[in-house]
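This report concerns only the one structure given below.
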Amino acid sequence: MWRIDACAHNYFRGMATMSAVVCWNCGRDLADIPRPISRHNNCPECFSDLHCCRMCKHFLPERVGVCAEDRADPPVEKENANFCSFFVPVSDAFNPNKKSKGDAAKGALDDLFGKAPNADNDPEPTDAPTTAPSLDALNALFRPKK
């Protein structure tokens, strides 16, 4: 008889359940990605790694540093590609309300420094001053004396 170990079982189970898988970051349908998903596959839309914890059915977002698979050694970065042999892609990995680390970092920078002006979103000029008061104080501090 043939002996199927856990790695082979997950490998073939991942191949069979991949029909409705979407990217965990952008939600794009991954029907054109070859099965099984390898460590080197990226989303064609957002270029996020696909063989990562965020895309796996064993991912537990509420528990940091823990995997639902007891035998797995979970990586620190859940959004990066890994070599986990227990990887089983899940179809509901995309959550539009959940931000990735990059989006969260960008949001924190926008909160700290203010949102960068975008010509596409704000075509009308605002009546706000062109420089911030802190920038005026900094320029006055380093302005050459006459």
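The values are calculated or read from the model by the stated rules, or taken from the named source; none is laboratory data. Not measured: the values here are computed from a predicted model. Because the Cβ atoms are built from the backbone with ideal geometry, glycine has one as well, and the counts that use them run over all protein chains shown.
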Exercise. Can you name the residue in the stretch 69-86 that is under 20 Å from the mean Cα position of the chain (by Cα) and among the aliphatic types (A, V, I, L, M) and is also modelled with the lowest pLDDT among such residues?
Worked result: 76
For this session: Assess whether residue 116 counts as being at pLDDT below 90, small (Gly, Ala, Ser), in a loop (DSSP other than H, G, I, E, B) and exposed (fewer than 14 other Cβ atoms within 10 Å of the Cβ).
Result: yes
Exercise. Would you call residue 100 among the hydroxyl-bearing types (Ser, Thr, Tyr), surrounded by 11 or more Cβ atoms within 10 Å (Cβ to Cβ), at pLDDT below 80 and under 20 Å from the mean Cα position of the chain (by Cα)?
Worked result: yes
For this session: Taking the residues in the stretch 26-76 that are outside any loop (DSSP other than H, G, I, E, B) and among the hydrophobic types (A, V, I, L, M, F, W, C) as candidates, determine which candidate is surrounded by the fewest Cβ atoms within 10 Å (Cβ to Cβ).
Result: 67
